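The values are calculated or read from the model by the stated rules, or taken from the named source; none is laboratory data. Source: prediction; values computed, not measured. Cβ atoms come from the backbone with ideal geometry, glycine included; neighbour counts cover every protein chain shown.
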Amino acid sequence: MAAVIEIDNIPKPVRDIPPIRMECRKCGMETEHFLFTTDPSYFGPIILYPASKLFPKHNHLVCVNCLATAEISEDKVRILYKKPRVKNQKNDLIQDAMHDLYKRLVLLSEKREGYGSDAELEAIEHNTIAGYRNRLADIENEEIKSATRICPYCQESVKYAAIKCRYCLSELEPLLPKTAVEKTELIDLDSLEVIYCELCYHENIFGNKVCSSCGHVLYYGNDE
């Protein structure tokens, strides 16, 4: 995992965009890819839309496993920005961890000349990446710890690992961690298409039934 990015142009996370699941060309794994930008004018989520000129330029999809970047077209980014923005604290924490790792690796690469032996630098880089993976594990574990479910007897909210309801004192079957946490919304990159309204020619997300601008029913060609 080599850092090849200038310190003043480290990719910044684009918030409130669900990750995209795709196969990484570098590590070969099918992983979550988060949207990052190297646009220096981007400072945070864009609240107003369709002010499409405000969304950041120079966007990249970054693999959560190896930080390899993949290009994404401006058309695809525009479609992503038209989707409902969903605040997800877990995604924010993961993007923060990725951003921090970027900065650490870039700083480390700048110290390669005149700073210890290659073996020492490789050991530091290895420990830095290991710390990143531990941080991801902590984020996952924290979500599991805070996950709740409904007691089937009194309908109150209890921890997923509870073996007894604190409200009605009924004994409960503890849930497995992976069944306790709601899965993160993922987007298929190939599904990011648009359809144009025949009446007002407004661009709509493929799958919408009516135009978001004029309310006209959208025609897909195979409607009866």
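Data for the structure
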| item | result |
| --- | --- |
| Residue match in segment 166-175 (condition: at pLDDT 70 or above and within 30 Å of R21 (Cβ to Cβ)) | yes |
| All positions within segment 52-100 that are of a type in the set (S, T, Y) and not in a loop (DSSP other than H, G, I, E, B) | S52, T69, Y81 |
| Residue within segment 186-208 that is surrounded by fewer than 11 Cβ atoms within 10 Å (Cβ to Cβ), at pLDDT 80 or above and over 21 Å from P19 (Cα atoms) present | no |
| Residue match in segment 150-161 (condition: among the acidic types (D, E) and in contact (Cβ under 8 Å) with a residue 24 or more places away in the chain) | no |
| Residue within segment 80-87 that is in contact with a Ser or Thr (Cβ under 9 Å, 6 or more places away or on another chain) and crowded, with 16+ Cβ neighbours inside 10 Å present | yes |
| Candidates M29, M22 - the one that is aliphatic (A, V, I, L, M), under 28 Å from E140 (Cβ atoms), surrounded by fewer than 15 Cβ atoms within 10 Å (Cβ to Cβ) and at pLDDT 85 or above | M29 |
| Residue check for S52: under 27 Å from N208 (Cβ atoms), modelled with pLDDT of 80 or more, over 16 Å from the mean Cα position of the chain (by Cα) and not charged (D, E, K, R) | no |
| Subset tally (residues that are in contact (Cβ under 8 Å) with a residue 40 or more places away in the chain and under 12 Å from L93 (Cβ atoms)) for segment 129-139 | 2 |
